[in-house]
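Please read the structure below before turning to the comments.
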Amino acid sequence: MVSKSLSDWLDYAERQHVNAIELGLDRVRAVAAALGVRQTCPVILVGGTNGKGSTCAMLEAILRAAGYRVGLYTSPHLVRYTERIRINGAEVSEEALCEAFAEIDSARGETPLTYFEIGTLAAWQVFSKSSLDVIILEVGMGGRLDAVNVFEPDCSIVTGVAIDHSDFLGTTREQIGYEKAGIFRPARPAICSDPNPPQSLVEHARLIGADLRLIGRDFSYKGDRQQWSFVGRSMNRNSLAYPALRGANQLLNASAVLAALETLADRLPVSMQAVREGLLHVALTGRFQVLPGRPTVILDVAHNPQSIGVLAENISNLGYAPETYAVVGMLSDKDVVGSISLIARRVDHWLACSLPGPRGLSGDALAAKLREAGVAGDIEVCDGPTAGLNRAKERAQPDDRIAVFGSFLTVSDVLQSSGRH
């Protein structure tokens, strides 16, 4: 009988390795072997700097619409840890997770595992008992040495490559591209939807003999205001509705999804109706999520230059608003100045919010970074994201808009306080 609560197990998991992040596959592989891990259905790995969550959500939505039982593992979570593991669209139960944590703790012996490694193995344990048709695993960081890479993908997707997690992955796109390409496998489909893929990624795929499929070369999309079409190597998908997820970049992600499904068509056939239904109903909390009501409030977990640049573009595509307020909280190890400089001219008023923990920037420190990034408008310091959003709502008029962004922690704080989770 499992006696520890999920909260107990998560606290325990945080203490099992001296480092919060310790890249490498040997420890996870050893414990997976002790657990007797076996793969019994197709596995799709999804990596990349930005767009992983949207890509996973679209894969899940389309495959479920096609009638398949789908397991999905993503990270981080916004409110509840159980968000990370979904079976057929439903979050895993705390009881099932506790049982999985107990099994891993028993199997690991003296092997130290990080929080993420334990969580990844726990997800697999849950999936292994669930009679699934397909499993989708989102890479946590990088790819080559990320815990999910102990599993053998039938297809791998890299959504895009940008500078992030430089302390672990490298300081150039070429270095980071090599790490992302680590989820590719010999003779297996390797999808990349980055319009300008690093040469290191392309070269690694060639050296190992992966079936590399690049956007613009092996698959593409085109569209007008009403609909769009996907063109693959051997399969076209025409007259598609735009994905329910907002943002122009979602067609890049959707194209990668359809390219991946094209490669798996013999094992996981998907009808046009399932594609249309999946794209129409896909939802993902905290990704350019527009809340109902006035003024317009946008929640976005964008936290690096590429994603915040996309956020800036998406905000401009919303049309005119008299004033735009930004409620921002960021971590100290992110490129704050580089990120904010890409959205500074889209914002009229700033609420700089303190984030908790050793990596969280204080509101005052963030305000200084905003000035360094060229912010010329007024900046108000707030104790936290919820306080920042409340203050922005006090100041804003009904036709104005408020963007809440900068970190998963920022959006999580607002979601928890608003009860929208």
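For the chain, the solvent-accessible area with a 1.4 angstrom probe is 41 square angstrom per residue. Only helices enter this figure: runs of n ≥ 4 DSSP H residues, each worth -39500 (n - 2.57), summed and divided by the residues of the chain, yield -11000 deg cm²/dmol at 222 nm to the nearest 500.
Among the protein heavy atoms of the chain, carbon and sulfur supply 47% of the accessible surface, probe 1.4 Å, non-protein parts ignored.
Principal axis analysis of the Cα atoms in region 179-297 yields extents of 54, 30, 25 Å, listed in decreasing size.
How much net charge surrounds G119 when only the other residues with a Cβ under 11 Å from the Cβ of G119 are counted, with Lys and Arg +1 and Asp and Glu -1? Taking every other residue near G119 into account, the sum is -1. For region 116-213, a Kirkwood radius taken over Cα pairs fed into Stokes-Einstein (37 °C, viscosity 0.692 mPa s) yields D = 234 µm²/s.
Counting only residues at least eight positions apart within a chain, or on another chain, the lysines with an alpha carbon under 24 Å from that of K129 are K4.
Taking the DSSP bridge list for region 129-236 and keeping only pairs wholly inside it, about 40 percent are antiparallel. Among the GluC sites (Glu not before Pro) within region 97-130, those in coil by DSSP and having at most 14 neighbouring Cβ atoms inside 10 Å are E110.
For N238, the shell of other residues with beta-carbons less than 11 Å away shows a net charge of +3, using +1 for Lys and Arg and -1 for Asp and Glu.
Working from Cα pairs under 8 Å separated by at least six residues, relative contact order for region 1-107 is 30 percent.
Tell me the label-point distance for the pair E103, R69, using the 7 Å Cα-to-Cβ offset, in nm and rounded to one decimal. Placing both labels 7 Å beyond Cα along the Cβ direction yields 1.4 nm. With 20 Å bins beginning at zero, the pair-distance distribution over Cα atoms of the chain amounts to 26, 58, 15, 0 %. Under 16 Å of direct C-alpha separation, and excluding same-chain neighbours fewer than eight residues apart, K369 reaches these aspartates and glutamates: D333, D335, D378, E380. For the chain, the relative contact order comes to 15 percent (Cα pairs under 8 Å, sequence separation of at least 6). Ellipsoid semi-axes for region 337-421, based on the Cα gyration tensor and the rule √(5λ), read 19, 17, 11 Å when sorted largest first.
Over region 1-143, the pair-distance histogram of Cα-Cα distances with 5 Å bins from zero comes to 2, 10, 20, 23, 22, 15, 7, 2, 0 percent, rounded to whole numbers.
The values are calculated or read from the model by the stated rules, or taken from the named source; none is laboratory data. This one's a predicted model, so the numbers in the text were calculated from it and none came from an experiment. Positions of Cβ are generated from backbone atoms using ideal geometry, with glycine treated the same way; all protein chains shown enter the neighbour counts. Ligands, DNA and RNA are excluded from the accessible area calculation, which covers all protein heavy atoms including side chains. Shrake-Rupley method; radii C 1.70, N 1.55, O 1.52, S 1.80 Å.
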